[in-house]
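Below: the structure, in structure tokens.
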Amino acid sequence: MKTILTFSLALLNTFALLAQTASISGKVTTAEGEFLTGVKVQLLDEDGTVVATANAVSTYRFDNIPTGESYRLKITKTGSPLNGLSTYDIVLMHRHILGTAPLDDPYQILAGDVNGTGTLSIADIVEMKLLILAVRQNFSTGRNWGFAPANYQFQNPSSPFGELSNVSFTINLDEDVADLNFIAYKYGDLNGTVLITE
């Protein structure tokens with residue numbers, strides 16, 4: 001009888017432990033739904049400590065994550081800043097700034113802000129030219145890619161700057177979280193010619 005009781009308590013403890021963990025999963029794609037390579041998704045706790053890391057090719061997944069805590073996702077991607085960048089992107093930027101052919105896609109507009117000032121200007125064009133001419137090796141921000149929650153609806157698609165700064169990548173984990181998806185955009189690539197395998 002004692003053996004059975006001990007076994008039952010151990011089983012209950014096991015179920016209790018299992019009930020206190022959950023999973024987080026999703027995918028990172030371009031706005032066209034193409035999967036990227038070289039994407040790293042990190043799960044950070046409230047102190048900013050990395051809890052888990054996933055190298056996503058099509059999807060990412062974190063299992064057995066303790067519930068009752070808050071977590072934050074940090075997404076990065078490697079690759080050349082020149083990937084997808086061409087003189088035609090500069091032409092598109094010129095037309096947008098002059099108002100002759102404004103960009104109408106929020107991800108295109110965000111991708112044009114290569115210097116991270118929250119606006120599209122001649123300064124962005126200068127940085128793009130310097131990269132193409134190999135005068136510089138990187139954008140001044142050091143970032144090549146940006147990421148936005150896939151389910152986010154831009155309030156002002158023609159001027160999306162600042163909106164994502166108010167979007168939290170924080171998760172208060174109480175149960176499994178699935179389809180936590182993100183859209184990736186490549187800085188400097190306004191016409192969608194980035195090679196997703198680079």
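So which of I196, I171, I183 ends up being more than 30 Å from L92 (Cβ to Cβ) and touching a Phe, Trp or Tyr at 6+ places or on another chain (Cβ under 8 Å)?
Numbers: I196 fails: more than 30 Å from L92 (Cβ to Cβ); I183 fails: more than 30 Å from L92 (Cβ to Cβ).
So the residue among I196, I171, I183 that is more than 30 Å from L92 (Cβ to Cβ) and touching a Phe, Trp or Tyr at 6+ places or on another chain (Cβ under 8 Å) is I171.
With the structure loaded, tell me whether R143 is modelled with pLDDT under 95, over 30 Å from S58 (Cα atoms) and surrounded by 13 or more Cβ atoms within 10 Å (Cβ to Cβ) or whether it fails that test. Please lay out each step first, then the result.
Values: modelled with pLDDT under 95: yes; over 30 Å from S58 (Cα atoms): no; surrounded by 13 or more Cβ atoms within 10 Å (Cβ to Cβ): yes.
Against the criterion (modelled with pLDDT under 95, over 30 Å from S58 (Cα atoms) and surrounded by 13 or more Cβ atoms within 10 Å (Cβ to Cβ)), R143 does not qualify.
In region 164-198, which residues are among the acidic types (D, E) and over 26 Å from T78 (Cβ atoms)?
Here is the first cut: in region 164-198, the ones among the acidic types (D, E) are 174-176, 179, 189, 198.
Hits for region 164-198 are D174, E175, D176.
Considering every residue within region 122-134, establish whether at least one is among the aliphatic types (A, V, I, L, M), under 20 Å from the mean Cα position of the chain (by Cα) and under 23 Å from I196 (Cβ atoms).
Let us first name the residues in region 122-134 that are among the aliphatic types (A, V, I, L, M), namely 122-123, 125-126, 128, 130-134.
When the remaining residues are screened for being under 20 Å from the mean Cα position of the chain (by Cα), the result is none.
Checked region 122-134: no residue is among the aliphatic types (A, V, I, L, M), under 20 Å from the mean Cα position of the chain (by Cα) and under 23 Å from I196 (Cβ atoms).
In this structure, does D89 turn out to be of a type in the set (D, E, K, R), modelled with pLDDT of 95 or more and within 30 Å of N172 (Cα to Cα)?
On the way: of a type in the set (D, E, K, R): yes; modelled with pLDDT of 95 or more: yes; within 30 Å of N172 (Cα to Cα): no.
In short, no.
Please determine whether any residue of region 85-104 is assigned to a strand (DSSP E or B) and in contact (Cβ under 8 Å) with a residue 60 or more places away in the chain.
Going residue by residue through region 85-104, those that are assigned to a strand (DSSP E or B) are none.
Within region 85-104 (the criterion being assigned to a strand (DSSP E or B) and in contact (Cβ under 8 Å) with a residue 60 or more places away in the chain), the answer is no, since none of the residues qualifies.
Taking region 52-77, which residues are surrounded by 15 or more Cβ atoms within 10 Å (Cβ to Cβ) and farther than 19 Å from I183 by Cβ?
Within region 52-77, A52, F62, I65, Y71 qualify.
Could you name every one of the strands (runs of 3 or more DSSP E) located completely within region 116-198 that has at least 1 residues being touching a residue at least 60 places away in the same chain (Cβ under 8 Å), under 20 Å from G84 (Cβ atoms) and out of contact with any Pro (no Cβ under 6 Å at 6 or more places or on another chain)?
Passing ranges, in order: 145-149, 182-186.
The values are calculated or read from the model by the stated rules, or taken from the named source; none is laboratory data. This is a predicted model, so every value here is computed, not measured. We place every Cβ from the backbone using ideal geometry, glycine too, and count neighbours over all the protein chains shown.
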